[in-house]
Amino acid sequence: MYDFDKIVDRTNTNSLKYDLREFFFKDKDVIPLWVADMDFETPIFIREAIQKRAEHPIYGYSIKPDSYFHSITNWLKKRFSWDVIKEDVLFSPGVVPGFTLAIMAYTQPGDKIVTQPPVYFPFFQSVEDNGRELLYNQLIEKDNYYTIDFEDLETKLSDPKTKILLISSPHNPVGRVWNKEELEQMVTLCKKHDVLMLTDEIHSDLVFKGHQHLPTASISEDAKDLCITFMAPSKTFNMAGLSTSFLVIQNEELKKKYEDVLQAYHLGLGNVFGNEALEAAYTHGEEWLEKLNEYLTSNTNYVFDFLENNIPEINFLKPEATYLLWLNCKQLGLKEKELQKFFIKEAGLGLNNGSIFGPGGNGYMRMNIACPLSTVKTALDQLLKAIELFRKEKK
Ligand SMILES: Cc1ncc(COP(=O)(O)O)c(C=O)c1O
């Protein structure tokens, strides 16, 4: 059912990660360890569901049957002990479009939205490109471990113009799974200052041993009332190209406001293959996901040991969730542009530059390890060669 070691050639498939290397890195041969999709085959039970539907010769407008919603609510119950009713689940063509529509639904131009950088950069675009103002509640870093600056958060939330706190949970790129106390504190502050929480939980299935994801909305009645939760099978099952995600809104008034905007943009229908894929993923996906998380953990461990033994100038803390490693490269002493150039030109690797994740991102590179171990090994060998040369030149 799974062979995560298998190399699948993705070139010339219109893959953003592979076929835009020339455009982004000015080098079509870098090993692509950037965009957050995986080099593993989308699981067979999803491909079969799509193939079965594709055999019917008409791909007209499609609706979502009860079984589609039940697959979601069962998944939420099983994985997170979260009770959600079908009526509170809404479709979105993506998590980013989802929280962008929520911003349109709940704020006016000029209103303020708090984010916690370094963080997934479309958060910034979604706010600023729509005429809203960003406030940064920068995370605190100590020995590569990140926590929330609650004092600063309260200051930002108490601004009367602040309407939304937009969080990444688990957090991309720093890999934290926010714990109950942290979530409670955020909810308490949002309630106190009458601010809504948009919680992007797209990485909630990719959580490693010793950690448990808690949907923020599930932790209390207050949370349920002020949270909009965004989730998707896209990262988990490598089906981002199907543009299928969902959100949960359990407050009737907020749900109505969101539905009005969704209606206005006519975005609620989705696509025929995405519907089939989502249902297959959540119905059959648990065992595959367990194996995936084991594989990701062992890739992470490999990178960790390799860097510790060979390249201590680059280090990271093992993420609690996500297949994204947040590499601290500060000891190399390179300026932002030089660091990018070093990874691309000297090491032949295409990673995301930390600086795009906003304040706190300089000096970091984000590495996607959702690929066969052999690819990770080749990448690290290339990195080591480049570092050895770099050390010599520095002497
Ligand atoms: C935190 C986070 N949110 C959203 C997305 C993308 O969501 P979508 O493709 O559904 O818009 C990503 C993709 O990397 C992500 O990391």
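Listing for the model above:
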{"read-out": "The range 172-187 residues that are within 20 Å of residue 202 (Cβ to Cβ) and of a type outside the set (A, V, I, L, M, F, W, C), paired with ones that are more than 13 Å from the ligand (Cβ to nearest atom) and in a helix (DSSP H, G or I) (beta carbon under 9 Å, 6 or more apart)", "value": "173/354; 176/182; 182/150"}
{"read-out": "Of all residues in the range 251-292 being within 20 Å of residue 38 (Cα to Cα) and in contact with an Asp or Glu (Cβ under 8 Å, 6 or more places away or on another chain), the one that is surrounded by the most Cβ atoms within 10 Å (Cβ to Cβ)", "value": "280"}
{"read-out": "Subset of the range 146-158 (residues that are closer than 13 Å to residue 194 by Cα and surrounded by 15 or more Cβ atoms within 10 Å (Cβ to Cβ))", "value": "154, 156, 157"}
{"read-out": "Which listed residue, of 39, 27, 66, 19, is surrounded by fewer than 18 Cβ atoms within 10 Å (Cβ to Cβ) and closer than 26 Å to residue 287 by Cα", "value": "66"}
{"read-out": "Qualifying residue in the range 309-320 (condition: assigned to a loop (DSSP other than H, G, I, E, B), over 16 Å from the mean Cα position of the chain (by Cα), under 27 Å from residue 123 (Cβ atoms) and basic (Lys, Arg))", "value": "yes"}
{"read-out": "Neighbours by Cβ (under 7 Å, 6+ apart or cross-chain): first from the range 272-285, under 16 Å from residue 231 (Cα atoms); second at pLDDT below 95 and outside any helix (DSSP H, G or I)", "value": "275/62"}
{"read-out": "Members of the range 176-227 that are out of contact with any Ser or Thr (no Cβ under 7 Å at 6 or more places or on another chain), surrounded by 22 or more Cβ atoms within 10 Å (Cβ to Cβ) and among the small types (Gly, Ala, Ser)", "value": "204"}
{"read-out": "The range 344-367 residues that are among the β-branched types (Val, Ile, Thr), paired with ones that are modelled with pLDDT under 95 and part of a loop (DSSP other than H, G, I, E, B) (beta carbon under 7 Å, 6 or more apart)", "value": "344/27"}
{"read-out": "Test result for residue 244, without any contact (Cβ under 8 Å) to a residue 60 or more places away in the chain and either in contact with a Cys (Cβ under 8 Å, 6 or more places away or on another chain) or surrounded by 18 or more Cβ atoms within 10 Å (Cβ to Cβ) (or both)", "value": "no"}
{"read-out": "Filter result (away from the ligand (no atom under 16 Å from the Cβ) and farther than 15 Å from residue 386 by Cα) within the range 334-359", "value": "335, 336, 337, 355, 359"}
{"read-out": "Residues located in the range 331-348, provided they are surrounded by fewer than 22 Cβ atoms within 10 Å (Cβ to Cβ) and assigned to a loop (DSSP other than H, G, I, E, B)", "value": "333, 334, 335, 348"}
{"read-out": "Test: residue in the range 256-264 that is charged (D, E, K, R), within 14 Å of the ligand (Cβ to nearest atom) and on the phi < 0 side of the Ramachandran plot", "value": "no"}
{"read-out": "Residue in the range 227-243 that is among the charged types (D, E, K, R), away from the ligand (no atom under 16 Å from the Cβ) and assigned by TED's automatic domain parsing to the domain that holds residue 169 present", "value": "no"}
{"read-out": "Test for residue 53: is it more than 25 Å from residue 174 (Cβ to Cβ), assigned by TED's automatic domain parsing to the domain that holds residue 342 and surrounded by fewer than 22 Cβ atoms within 10 Å (Cβ to Cβ)", "value": "no"}
{"read-out": "Sole exception among (1) crowded, with 22+ Cβ neighbours inside 10 Å; (2) in contact with an Asp or Glu (Cβ under 9 Å, 6 or more places away or on another chain) for residue 362, by number", "value": "(1)"}
{"read-out": "Some residue of the range 349-356 being in a helix (DSSP H, G or I) and farther than 26 Å from residue 135 by Cα", "value": "no"}
{"read-out": "Positions within the range 228-249 being polar (S, T, N, Q) and either assigned to a loop (DSSP other than H, G, I, E, B) or out of contact with any Ser or Thr (no Cβ under 6 Å at 6 or more places or on another chain) (or both), in sequence order", "value": "234, 236, 238, 243, 244"}
{"read-out": "Residues located in the range 167-220, provided they are more than 24 Å from residue 354 (Cβ to Cβ), of a type outside the set (S, T, N, Q), away from the ligand (no atom under 14 Å from the Cβ) and part of a loop (DSSP other than H, G, I, E, B)", "value": "193, 194, 195, 209, 210, 214, 215, 219"}
{"read-out": "Members of the range 321-330 found to be closer than 26 Å to residue 27 by Cα and either part of a loop (DSSP other than H, G, I, E, B) or away from the ligand (no atom under 16 Å from the Cβ) (or both), listed by number", "value": "323, 327, 328, 329, 330"}
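The values are calculated or read from the model by the stated rules, or taken from the named source; none is laboratory data. Just so it is clear, the structure is predicted and the values come from calculations on it, not from any experiment. Note that each Cβ is placed from the backbone with ideal geometry, even for glycine, and that neighbours are counted across all protein chains shown.
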